[in-house]
Amino acid sequence: MRNFLIAGNWKMNCGISATTELLNGIKEITTSLPKGVDGLVCPPSISLHAAANVLQGIEGLSLGAQNVHFEDNGAYTGEISTQMLNEIGCEYVILGHSERREYFGETDKIVNAKVLKSLDDDLKIVICVGESLKERKADEHKLRVRKQIQAALTAVEEKDAAKVVIAYEPIWAIGTGETATPDQAQEMHKMIRSVLEGVFSQKKAEKIRILYGGSMKPHNAEELLQQPDVDGGLIGGASLKADSFTEIIDIADQLSS
Ligand code: PGA
């Protein structure tokens, strides 16, 4: 019922030439993604335009940004607006990644402002949530993630539910080579879906994709994507190589057929 979404978060990697090279590498492997899988790449903002050009030749692979500002325009040095993303052909934007929360002071309130602005300007959003190791050890992980989702989705209208994707990314698993076990991921994803039922409705929540993120690689993708509430991945390191990214797409394809 829910198409897998395999998303690459390139973070601060790949300028224009590396972006073109990586996407051409993907294009050499496939020019059309399998039907049951939607693909997404999120290069740094400076490379979005170059990426948009190459992506025209890869069916089923969309373009996303890693961040956006919540105002229309004006005196916000260094920031980029939703309209600029629209103009460049971005369909998605990642919001509230733990690295933005940790290093750039993004609070739940700021994430919510970005969510509302992005939806208003017709962008699809990937909202990142996840607990620290300390929170997990203190058994506060569910509470933390529930609060992050409720805050991020404050004042979001039910009509916009179809534009929402959630990425559960336990901070302790990001870039560490450590992953949540399939059981841990499923437990959290199920909980997240129940929170979404409360925010929207059961019918809408059933359709929202919940991605797992945190050291997803070709060798562990299958066991994670097999979980009933894991609808894809938000992939950092393994999305920077054409072969490992497309391998994960293939794994999702096999599971969806
Ligand atoms: P990772 O990053 O796959 O390198 O752990 C995931 C993310 O931060 O989105």
Residues located in the stretch 92-114, provided they are away from the ligand (no atom under 16 Å from the Cβ) and not polar (S, T, N, Q): 105, 108, 109, 110, 113, 114
Residue check, residue 144 open to solvent by 60 Å² or more (accessible area, probe 1.4 Å), part of a helix (DSSP H, G or I) and modelled with pLDDT of 95 or more: yes
Residue within the stretch 11-25 that is open to solvent by 30 Å² or more (accessible area, probe 1.4 Å), more than 16 Å from the ligand (Cβ to nearest atom), part of a loop (DSSP other than H, G, I, E, B) and basic (Lys, Arg) present: no
Residue in the stretch 77-100 that is most open to solvent (accessible area, probe 1.4 Å), counting only those that are without any contact (Cβ under 8 Å) to a residue 60 or more places away in the chain, of a type in the set (D, E, K, R) and in a helix (DSSP H, G or I): 87
Filter result for residue 74 (part of a loop (DSSP other than H, G, I, E, B), open to solvent by 20 Å² or more (accessible area, probe 1.4 Å) and without any contact (Cβ under 8 Å) to a residue 12 or more places away in the chain): yes
Only one of 164, 195 that is closer than 25 Å to residue 4 by Cβ, under 15 Å from the mean Cα position of the chain (by Cα) and more than 16 Å from the ligand (Cβ to nearest atom): 164
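Quick check on the stretch 160-174. Is at least one of its residues of a type in the set (Gly, Ala, Ser), open to solvent by 80 Å² or more (accessible area, probe 1.4 Å) and either out of contact with any Gly (no Cβ under 8 Å at 6 or more places or on another chain) or part of a helix (DSSP H, G or I) (or both)?
yes
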Residues satisfying the stated conditions in the stretch 203-257, i.e. open to solvent by less than 30 Å² (accessible area, probe 1.4 Å), in a helix (DSSP H, G or I) and away from the ligand (no atom under 12 Å from the Cβ): 205, 225, 242, 246, 249, 251, 252
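The values are calculated or read from the model by the stated rules, or taken from the named source; none is laboratory data. Keep in mind that this is a model prediction, so the values were computed, not measured. Because the Cβ atoms are built from the backbone with ideal geometry, glycine has one as well, and the counts that use them run over all protein chains shown. Ligands, DNA and RNA are excluded from the accessible area calculation, which covers all protein heavy atoms including side chains. Shrake-Rupley method; radii C 1.70, N 1.55, O 1.52, S 1.80 Å.
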